[in-house]
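The values are calculated or read from the model by the stated rules, or taken from the named source; none is laboratory data. Computed from a prediction, not measured in an experiment: that's the story for all the values here. Here the Cβ positions follow ideal geometry from the backbone for every residue, glycine too, while neighbour counts run over all protein chains shown.
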Amino acid sequence: MSDIEALKKELPPFQIFDLIPQYAAQGFIDPERTDLLKWAGIYPQRPQEDGYLMMRVRVPGAEFATSTLREVAAIAEEYGRGFLDVTDRQAFQFHWLTIDKIPRIFERLEPLGLHPRGACGDTVRAVIASPLAGLDAREVLDVRPIAHAMEGTLTGNDDFQDLPRKFKMSLTGTPELEGIHLVNDVGFLAHTVNGPDGEKQVGFDVWVGGGLGAVAHLAKRLGVFIRPDEVVEVGRAIAGAYRDHGYRVNRKKSRLKFLIKDIGVERFREIVETEYLGRQLPDGPPAPVARFGGNDVLGVNPQKDGLNYVVVATTVGRLDPHKARGLADLADRYGKGVLRTTAFQNMMIPHVRTEDVAALTAELERLDLAPKTTLRGTTIACTGTQFCRLALTETKARTARLVDELEGKFADLDVPFTVNLTGCSNACTRYQVADLGFMGALRGEEEVYNVHLAGSLGQAQRTGTKLKGVVPATRLSEYAGAVLADFQANKLPGESFVEYADRVGHERFTPETVLGAGREPTPEVVPA
């Protein structure tokens, strides 16, 4: 049994909430129970010896009031030196917190409906809910009621506080636009099938066993079609099967993906049906496949009610309090006082009248939050060495610099182009399923990036090809710019990068081929 498994048996993880007031009063954390803080969304911040913390907060249903965003901005300003991030699981993340302030932050979050409980740890993490829910005319079903029904029954539930490892879920209402289910432990995709009487029936295709990290697996179809009112029950059954049958000896092989790889999806379905549901689930066909995997819903889009939703590009998820308050003001003025987060570190203002779109866009540009549809909206980056103890390379500032340098040059691309960058192999920002995925590493003391090329959450449904060689951090923008220039100059109309790379060959994009051996790197300045 690993140390963390022994710790979970000694103290049920959610009981850490009972100890946090004691830690706050004494001003330090019991070092033997530090790992349990994850269940409260809390991690020690790098360098750990300084005593600062970062905290992740779940946003149920991915929707919240403008007053909520203002309070979140105030918390970041008062306790976190003004640092506020939007994560790629639709959550908020604070930095520079101290243990003595955590109880007060909890008190301020509770009336907002935001929850640190289960934001991290070996439990059901934040459920990704379609940010288009209730808005887009192409939607099959509004998944927000189901997302909220999962609160307390799956996320934050004591029954699932001791899973073998983290457990991630997603709910998709427009499967032809969103492909995030492929990298989750469980993904529910709404779609329609023809019933026995010829009438259309709305239900869900279920996928299981997705997960990235050092060993990536895309999810597999469970092969069923379930009703909307069965989603929570089936989700509980799958989580229960994982809790009781998942591996607990080697944490590197404890995710659901390894269990399903070993026993097969058919056997796993049998376990779920016989041991946890007590009935067989009906077979069903697959849902439609996303073409680009969610990134083609950037910018301004029509709603089914004649209004518009506007996706706001944050630039790698960083949103300071000034911008957050400005965004809240704009959502009040041009929308209906609500906002949403997306799974690509962006924000959304729904319910905007067509005649107000131009004015809103101009206001967003003044906040440096314009709804760009090219690189700024399709590039994500993890926390990196600025705060994360596991990271090997700097990420946020470096990736923001890449976007600043390149987005204007490729504004005319007629398809989305995704760049995902992470500071280590843990894939917090899904580097294996991007057009260009960069994984941070060290070569001696030099920061470098491995390149994973032409991964796809859309039609191809695959992880990217790991190319030979590495890109020095000092040449990251140079490399990405050269690949984009090649693509823009030689692609066919409407051709995605995945299609283009397959057509011309992946070896064309190895770091040595693109950068050339022996060339001097361009100087890099990364802000502290």
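Numerical summary
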{"read-out": "Selected residue (only one of VAL415, VAL471, VAL451 is over 17 Å from GLY213 (Cα atoms), β-branched (Val, Ile, Thr) and in contact with a strand residue (DSSP E or B) (Cβ under 6 Å, 6 or more places away or on another chain))", "value": "VAL471"}
{"read-out": "Answer from LEU484, LEU457 - the residue that is modelled with pLDDT under 95, in contact with a Lys or Arg (Cβ under 9 Å, 6 or more places away or on another chain) and among the hydrophobic types (A, V, I, L, M, F, W, C)", "value": "LEU457"}
{"read-out": "Residue under evaluation VAL231, criteria (1) touching a helix residue (DSSP H, G or I) at 6+ places or on another chain (Cβ under 7 Å); (2) farther than 30 Å from LYS466 by Cβ; (3) without any contact (Cβ under 8 Å) to a residue 60 or more places away in the chain; (4) crowded, with 19+ Cβ neighbours inside 10 Å, criterion not met", "value": "(3)"}
{"read-out": "Helices (runs of 4 or more DSSP H) contained in segment 43-161 and holding at least 2 residues touching a strand residue (DSSP E or B) at 6+ places or on another chain (Cβ under 6 Å) and more than 26 Å from VAL231 (Cβ to Cβ)", "value": "66-79"}
{"read-out": "Segment 151-174 residues that are without any contact (Cβ under 8 Å) to a residue 12 or more places away in the chain, paired with ones that are in a loop (DSSP other than H, G, I, E, B) (beta carbon under 6 Å, 6 or more apart)", "value": "none"}
{"read-out": "Of residues in segment 84-126 being surrounded by fewer than 22 Cβ atoms within 10 Å (Cβ to Cβ) and among the aromatic types (Phe, Trp, Tyr), the one nearest to ALA239 (Cα to Cα)", "value": "PHE106"}
{"read-out": "Residue identified as over 17 Å from LEU84 (Cβ atoms) and outside the structural domain of ALA473 (by TED's automatic domain parsing) among ASP329, ASP320, ASP356, ASP368", "value": "ASP356"}
{"read-out": "Residue check for ALA362: at pLDDT 95 or above, over 20 Å from PRO511 (Cα atoms), assigned to a helix (DSSP H, G or I) and out of contact with any Leu (no Cβ under 7 Å at 6 or more places or on another chain)", "value": "yes"}
{"read-out": "Pick from segment 182-213, criterion among the small types (Gly, Ala, Ser) and under 17 Å from the mean Cα position of the chain (by Cα), ranking: nearest to ARG251 (Cα to Cα)", "value": "GLY213"}
{"read-out": "Sole exception among (1) surrounded by fewer than 21 Cβ atoms within 10 Å (Cβ to Cβ); (2) farther than 19 Å from ARG89 by Cβ for LYS166, by number", "value": "(2)"}
{"read-out": "Any hit, segment 332-354, residues being of a type in the set (Gly, Ala, Ser), under 23 Å from VAL310 (Cα atoms) and part of a helix (DSSP H, G or I)", "value": "no"}
{"read-out": "Any hit, segment 130-145, residues being assigned by TED's automatic domain parsing to the domain that holds LEU256, under 21 Å from the mean Cα position of the chain (by Cα), under 19 Å from GLN93 (Cβ atoms) and touching a residue at least 12 places away in the same chain (Cβ under 8 Å)", "value": "yes"}
{"read-out": "Residues (within 16 Å of LEU218 (Cβ to Cβ) and not in a loop (DSSP other than H, G, I, E, B)) located in segment 264-289", "value": "VAL265, PHE268"}
{"read-out": "Condition met for GLY481 (touching a Leu at 6+ places or on another chain (Cβ under 6 Å) and over 30 Å from LEU189 (Cβ atoms))", "value": "yes"}
{"read-out": "Residue within segment 422-430 that is over 21 Å from ALA343 (Cα atoms), of a type outside the set (Phe, Trp, Tyr) and modelled with pLDDT under 95 present", "value": "no"}
{"read-out": "Strands (runs of 3 or more DSSP E) contained in segment 373-489 and holding at least 3 residues free of Cβ contacts under 8 Å to residues at least 40 places away in the same chain", "value": "436-443, 446-453"}
{"read-out": "Long-range neighbours under 6 Å by Cβ, at least six apart or interchain, first residue surrounded by 14 or more Cβ atoms within 10 Å (Cβ to Cβ) within segment 256-272, second among the basic types (Lys, Arg)", "value": "VAL265/LYS220"}
{"read-out": "Given (1) outside any loop (DSSP other than H, G, I, E, B); (2) over 22 Å from GLN461 (Cβ atoms), number of the condition LYS261 does not satisfy", "value": "(2)"}
{"read-out": "Conditions (1) within 30 Å of LYS8 (Cβ to Cβ); (2) surrounded by fewer than 24 Cβ atoms within 10 Å (Cβ to Cβ); (3) modelled with pLDDT of 95 or more: number failed by HIS191", "value": "(1)"}
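Here's the yes/no breakdown for (1) of a type outside the set (S, T, N, Q); (2) closer than 30 Å to THR172 by Cβ:
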residue	(1), (2)
LYS9	yes, no
LEU19	yes, no
GLN22	no, no
GLN26	no, no
LEU37	yes, no
GLU49	yes, no
ALA65	yes, yes
ALA91	yes, yes
HIS95	yes, no
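Results for (1) crowded, with 23+ Cβ neighbours inside 10 Å; (2) among the hydroxyl-bearing types (Ser, Thr, Tyr); (3) in contact with a strand residue (DSSP E or B) (Cβ under 7 Å, 6 or more places away or on another chain); (4) more than 13 Å from CYS424 (Cα to Cα), shown as yes or no for each residue.
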site	(1), (2), (3), (4)
ALA358	no, no, no, yes
THR361	no, yes, no, yes
ASP368	no, no, no, yes
CYS382	yes, no, yes, no
CYS388	no, no, no, no
LEU392	no, no, yes, no
